[in-house]
Structures are given as C-alpha cells and as structure tokens.
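Nothing in this text is a laboratory measurement; each read-out follows from the coordinates by a stated rule. What you see is a predicted model, and the numbers here were worked out from it, not measured in a lab. Cβ: placed from backbone, ideal geometry, glycine included. Neighbour counts: every protein chain shown.
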Amino acid sequence: MTKKQVFNPYLPSYEYVPDGEPHVFGSRVYVYGSHDRFDGEMFCLNDYICYSADVTDLTQWKYEGVIFRKGQDPRNQNPTEKEPIRKIYHVKSRFGNGLNPPGIHALWAPDVVKGLDGRYYLYYCLDFLPEIGVAVCDTPAGSYEFLGFVKHADGTVLGKGETDLGQFDPGVFIDDDGEIYLYSGNAPMHKEHIGGKQGSQVMTLEPDMVTLKTEPRLLLPSIADSQGTGFEGHEFFEASSIRKIGSTYYFVYSSVLSHELCYAVSSRPDRDYTYGGTLIDIGDVGLDGRTAADALNCLGNTHGGMEYINGQWYVFYHRQTNRTQFSRQGCAEKIEIAEDGSIRQVPVTSCGLNDGPLEGKGTYPAYICCRLTGRDGAVFSGQSEMQFAFPYLTQDVPDREPDVEGVNTEEGLPAQYIANVGDGTVIGYKSFCFDGVSKAAVLVRGSGKGTVTVSVEADAAAAGTIRVDVDSDSWQEFSGEVTMPDGVQDLYFRYDGEGCIDFIAFSLEN
C-alpha cells in the first residue's frame, strides 16, 4: 500500500497562500500568509485564511477557513466612486452596482503571535497604507476581530507621524522575558530608488499589544548604508521574520534580489545583526555558483519564515505561477542548523515536508516540479517574453473557495498543470527513491509531436524515451520503457519536438 505523501506546494494545487509564516501552537502547526487570487491582477486580493497540520503528520493539511476579512478593517470601506481606485490597484469589480468590491485594499503579509494573555494577535498591513493593523482571537485559527492600530504612547497611530517610516510586512516575537518585539519595514531594491521613508525597523510593545513601549529604530542595513557591513549584495528588502534558537536570534528576510530568503544572526533581538547567508532561492540561484541567468525556475519575490516542527527545522517560502507574480504558492524545505549556528542554503525540491524522498512508483501531478525551464532557461515572472517562449504553471478552473473538495480539470486530475511545454523544455523533480522502475508515462494534451527523454540528471544519459504525438484538447497518455537507477535519484523530463503541449501528470511503474 502506498503511504501518504506530501509535495511542494504542500497545499491543494488550486490554493495560493504566499508569505507563509509557520507557527506551532500546541500540537499543531499553523501557516498564516497573504492570499493571492488565481489569475489576479494584483498581490493578495483574497481574505486571510489559515491551514494547519498535526506536528506529527505534515501530509494532512486542514483548511481552517477565513480568519480575517479585508472589510473588517475600518480603513477598508467601500468608496462611492470606483474608477480612481480601480486604476491604482487594477482590480476588476464583479459587482453591478458601480461600487468597488468590499475591502478594496489588499491584505498583505501578516504574522501571528500568542500574547501574554493567552489570546492570539494578528499583525498586518493594507497594501500601501502606512499603518499596522492588529486583530485578536481566542484561538489560533478562529475568527479574528479588529483590535486597533499600532500607536505611539501619545496615541498617534504609527505611520502617521511626520518622522515615522512606512510600515510593511510586520513580524512579531515575544522573548522569554515577556518583552514584545515588533519588526516592520521595506527598503529600496536599487540604488536609484534610495530615499523616502523606508527601512528595516524594530520596536517594542506594551502588554496591550498595540501601544509602543519603545520607538522604532533601524535594524538591518539597506543598500543605502550597507558598505562594510557584510550584507552587500544581500541587503534587506522586505519580509521581516524572527525566531530564537538557544540564545541566538535569527532574522529571516527577503533580500534586494527578491527571489531569495536570507538570514542574519545576533545575540540580541533588536540590534547588532550580522549576515548569515541564503536559506533558499526559488531558482536555486547561489547554489554551486549558479547565477540568475541560469535559474532553474522563473524568478520573482519570495517571503516566509522558519519553524521547528516535531524535531526538524523547516523554511517556508513561496514560488511563482501563471506567468505573473500575483498567483503564488507556498512551499517548504528541511534545513539543518550546524553546531556553529550556521545554515547552508538548501535547494528547491518536490518532496519538501515529506518524510524523505518520494516513492519511486505510482502517479504524480506534474505541478510538483522543482525545475521548469524552456529552451532559453527561465526569466523573471511577469516579463512579456514569458507569454510566448517559456513553460509555466496554471489551471483551467477559476479561483474559488478552498473548502470545495475535489477541484479538478477532469475527474481525478489536479487543478494545476504545466502549460506551453515546447522544444527544449526541461521539467525536474527532486527526489525519488527508485526500485526497479521499468516504465514511465506522461499525460498530456495540445498539439505536439516529439520525444520526451527521461533521466536522473538534466544533462545525463537517457534512462528511456517516450514518443508523443498529440493533437487534442483532451488528456492523452503516452508511455515508454525506462531503466531508472535504483536508490535516491532526481527525475527529469525533456521535451524535444514540434508544437507545444500541456503536461498534467506522470506515472512510474516496476
């Protein structure tokens, strides 16, 4: 009997929850993130939802439902005129009354902490608005209620003061001594953009969870002030996340490269951080000297955090899909913390949270690939040339509520698939444990005629080939004999031929 497994992305294939912040509360791990809309025209258009899993079984993720809606924030009420805001945020109204939909401002990356009073506090920003909102709930994944805005001791809302920096991507952490630390901010990605009210910030809160105890102070360097700091080339951009391991504080953030999560370490939570390294890059840039020009996936922003789950540390992050940066999916990888406290960069994989490599037999969805490159490699997601020349992940079904079971394109098939697979496309999976595999099959559609080469390395000798000749809008299976080396190996499919095909699933048999 095939055991239950978990893949990357770890949530259902029709689900788009980026910016994942994982937290263990009790016996479950909860993932809090923003909520993209499939085929959306802007970041984070849906309400906050939550998924959770038992810490002893990360193969079973439970949908906890909507935990906070955009319209619950008092700044987010409907305007009477829709055109000005629609032009700014590129939001299509689905309402026929001439009004914008409820909650026109988007809920960007949040964080949650268990307060000193035992309740749970959610910190968030509404897109480009300057304040940090706070909501509270008695349970980790219940219905959060708006509490207020983070404010100075005199009652002035943080972000409204003349000297306040802009607030962005809040991260929250309570230390062992009960001190409550709030992190926030973003910074320029390019030197020509230096200026304005930006920067990595840290502050502390009173027990009421909204009033500043100490005023914000700058924390990590940006490209404006990084010379000689050790952060050069990996300066702070956004996505503050903090964890404490022993007596060391780990600050995880998205660097100016955008497609990597880096970490910095300190013996104090609010100062003196030194650069640690890259944890994960969504195109494996930096591993083995790889540059962005040789990225193994389309690039784009990523955001996430670390968590210790049942004896293992993981880093959570997100990947790009659908040829934009607005339909992002959560992924996770195991990481190891060395005796000296350092963490080596880990590759993007297909197995992620799984307890070891995937089983080298059975049927798998194509969307769990960890490499997806066209004949000319990969580009930054959303660039115009991606519309025509590169493969990408997408789905046919519209964006929908995630409590609907069995979302598929045809009975029994996943919602998501790889589209625009043309000549020279390479699709990779890491990793499987093979034992006597002698046949492989692919499920495809479209209009194409060529050869799918199966191998354990992208440029290795073929383990076998599959001839494909399809001209249909329905999914068709093609198979071939293969000789896969036994043991833990990667799996690659390369298409060489005419036309373009879509790829939704593959199977391996002994």
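Counting only helical runs of four or more DSSP H residues, what would the 222 nm mean residue ellipticity of the chain come to if each run contributes -39,500 (n - 2.57) and the total is spread over all its residues? It would help to have the intermediate numbers written out before the result.
On the way: 2 runs with 11 residues, N = 510.
Helix contribution divided over all residues of the chain: -500 deg cm²/dmol.
Against the empirical 2.2 N^0.38 Å (N residues), the chain has a Cα radius of gyration ratio of 0.98. Annotation: amide H of T425 within the under-5 Å range of R375, Y495, sequence separation 5 or more or interchain, hydrogens built in the peptide plane. Put a dot 7 Å past the Cα of D340, heading toward its Cβ, do the same for Q387, and the two dots end up 5.0 nm apart.
Summing Lys and Arg as +1 and Asp and Glu as -1 over all other residues whose Cβ lies under 10 Å from the Cβ of Y250 gives a net charge of +2. Note on region 155-252: along the principal axes its Cα atoms extend 40, 37, 19 Å, ordered by decreasing extent. For region 98-216, dividing the convex hull volume of the Cα atoms by the residue count gives 137 Å³ per residue. Relative contact order for the chain: 12 percent, from Cα pairs under 8 Å spaced at least 6 residues apart, divided by residue count. With neighbours defined as other Cβ atoms within 10 Å of a residue's Cβ, the residues R344, R323 order from fewest to most as R344, R323.
What is the order of C137, C298, fewest Cβ neighbours within 10 Å to most? Let's see the in-between values first.
Values: C137 18, C298 29.
With the sparsest Cβ surroundings first, the list reads C137, C298.
Per the Kirkwood formula applied to alpha carbons, region 359-509 shows a radius of gyration over Rh ratio, Rg over Rh, of 0.96.
In this rough spin-label picture, where each label sits 7 Å from Cα along the Cβ direction, the A461-D138 distance is 6.8 nm. Taking 37 °C and 0.692 mPa s as the conditions, I'd like the Stokes-Einstein D for region 28-279 in µm²/s, using the Kirkwood hydrodynamic radius from alpha carbon pairs. In µm²/s, the coefficient rounds to 171. Ranked by how many other Cβ atoms sit within 10 Å of their own Cβ, fewest first, the residues V442, V157, V397 fall in the order V397, V157, V442. Computed over region 450-510, the range of Cα coordinates on each principal axis works out to 37, 23, 17 Å, biggest value leading.
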